[in-house]
Amino acid sequence: MVKPLRKAVLPVAGLGTRFLPATKAMPKEMLPVVDKPLIQYAVDEARAAGIEQFCMVTGRGKTALIDHFDIAFELEATLAERNKREALELLREEAMPPGSITTVRQQVPLGLGHAIWCARTFIGDDPFAILLPDDLVLSNTPCLTQLVNVYNETGGNVVAVSEVPREQTNRYGIVKIGETHGDRVEVTGLVEKPAPENAPSNLSVIGRYILLPEVVKFLSLMERGAGNEVQLTDAMAKMIGHTPFHGLKFEGKRFDCGDKIGFLEAQIAFSLARPDLGPAVRAFLKNYVNS
Ligand code: UTP
C-alpha cells in the first residue's frame, strides 16, 4: 500500500518579472484567469485530488496570497446585508478549513529547488505534491487527480509531462524516457533547459509533481544548475535509480500563465469553456478577427 498523498507545496516566491509592471505590487499568482486568481485554481485542483495540508513558499510582497484564503468578515457581512446570496455562497464554498494552510518564507528567490527545500519541515517523511500556480491545465479530470490515480497504483514519483516543440526544449525540464505503456512513461533521466540538439526527448515536465520526501536530501546539497539557480529538476534526476519515477502524458491542455502569450491563451480557452461566457466570447472573437 502506498502512503496516501495529503500534502502539497505551492511555490509562489518568484519575482514574476515577465509580468512587470503588473507584478510590481501584486503577486503574479493573484493574476486572474477570467474571474479567479491563479493561486485559487491550484488550490481547488489540489483539494479535488485529496490534498488536505498546504504549504505556500512565499517571499516579500506576497501577503495578498495569504489574505486571499482568509475569511473577509466585512465583505461577507455587507453581502449578507445586501442579500447577495450567490456571491456569499461562492466565498463560503471556497473557504479553507482552519489550519490547513501554512507558509514558509524564501527570503531570496534562489530557484524552484531552493523554494521546495524551504518547505522541508512541512514535507517531513511524507510524499507531497507540488503545483506551480502559473501552469494551468484545462482538462476533463483535474491534472493532479490524474497523477494521484497513477501514484495510487505505482507509488514512487509521478510527474506530468507534455510534448513541446523541439526548438523550445531550452525553456523546460526535459525527460529521458525508458519503457512506455500508453500514456505512462518510465523516466530514466531529467535535464533542465537542454539545447534542442542535446535534449533527450521533446517531453517536458509541467508544473504538477508528486514526489517522495527523499528529494529534500538532494536539494540540501544546494547545487546550482541552469541559470545559476537551485533546480528542482537536478534533485529529481538524482532520485532516478533509487526510487521509481513515472511520467504521465496527462489528458488536457496546459497553459503557461507565467508567459504573456500563454496567459492570454488561457483567458480565451477558459472563458470559451464557461457556459455563461463561452457563446459571447466565441461571437466576439469571430467578429473581431474577421473585421
Ligand atoms: P518562474 O520560473 O516562472 O519564475 O517560476 P518567476 O520568478 O515566477 O517569473 P519570471 O520568470 O521572473 O517572470 C516558476 C514557479 O516557481 C516559483 C515561482 O513563484 C513560480 O510559481 N519560484 C521560482 C519560487 O517560489 N522561488 C524561486 O526562487 C523561483
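No value in this document is a laboratory result; all are computed from the given coordinates. Remember, predicted model here, so these are calculated numbers, not experimental data. FYI the Cβ positions are ideal-geometry reconstructions off the backbone, even for glycines, and counts take in every protein chain you see.
Remarks
- Cα gyration tensor shape of the range 163-256, rounded if a/c is under 1.5, else prolate or oblate by comparing a/b with b/c: oblate
- Rounded to whole numbers, the Karplus 3J(HN,Hα) couplings from phi for the range 135-152 are 9, 10, 10, 9, 8, 6, 9, x, 4, 5, 4, 4, 5, 4, 4, 5, 4, 5 Hz, using 6.51 cos²θ - 1.76 cosθ + 1.60 with θ = phi - 60°, and x at Gly and Pro.
- Size of electric dipole in the range 175-273: Cβ of Lys, Arg +1 and of Asp, Glu -1, about Cα centre, debye, nearest 20: 100 debye
- Relative contact order for the range 1-155, counting Cα pairs under 8 Å that sit 6 or more residues apart, in percent: 42 percent
- Computed over the chain, Kirkwood Rh from alpha-carbon pairs, angstrom: 20.0 Å
- Antiparallel DSSP beta bridges within the chain, as percent of all bridges there, nearest 5: 60 percent
- Averaging 1/r over every pair of different alpha carbons in the range 44-96 and inverting the result gives a Kirkwood radius of 12.9 Å.
- Length gained on full extension, ALA80 to LEU264: 62.8 nm, using 0.36 nm per residue less the C-alpha separation.
- Each part gets one Cα centre, and for the range 230-291 versus the range 67-89 those centres are 31 Å apart.
- Share of pairwise Cα separations in the range 113-154, more than 17 Å, in percent: 47 percent
- Taking CYS55, CYS257 and counting other C-beta atoms within 10 Å, the order from fewest to most: CYS55, CYS257
- Least to most buried among ASP234, ASP276 (fewest other Cβ within 10 Å first): ASP276, ASP234
- All aspartates and glutamates inside 12 Å of LYS62 as judged from Cα atoms, apart from same-chain residues fewer than 8 positions distant: GLU29
- For the range 182-192, putting each phi into the Karplus relation 6.51 cos²θ - 1.76 cosθ + 1.60 with θ = phi - 60° gives couplings of x, 8, 10, 10, 7, 8, 10, x, 8, 9, 8 Hz, in residue order, rounded to whole numbers and with x for Gly and Pro.
- With contacts taken as Cα pairs under 8 Å and at least 6 residues apart, the range 24-104 reaches a relative contact order of 38 percent.
- Partner aspartates and glutamates whose Cα lies under 18 Å from the Cα of LYS217, excluding those fewer than 8 positions away in the same chain, are identified as ASP125, ASP126, GLU229, ASP234.
- Sites excluded, trypsin sites (Lys or Arg not before Pro) in DSSP loops with at most 11 other C-beta within 10 Å, longest stretch of the chain: 83-291
- Basic side chains Lys and Arg get +1 at the Cβ, acidic Asp and Glu get -1 at the Cβ, and with that the dipole of the chain about its Cα centre reaches some 440 debye.
- Size of charge dipole - the range 1-136 - debye, nearest 20, with Cβ of Lys, Arg +1 and Asp, Glu -1, no other charges: 500 debye
- Using the rule -39500 (n - 2.57) for each DSSP H run of four or more residues, divided by the residues of the chain, the 222 nm mean residue ellipticity is -9000 deg cm²/dmol.
- Percentage relative contact order, the range 196-291, counting C-alpha pairs under 8 Å, at least six apart: 12 percent
- Rg/Rh (Cα only; Kirkwood hydrodynamic radius) as it applies to the range 155-215: 0.96
- Which of VAL175, VAL34, VAL289 has the fewest Cβ neighbours within 10 Å, and the rest in rising order: VAL289, VAL34, VAL175
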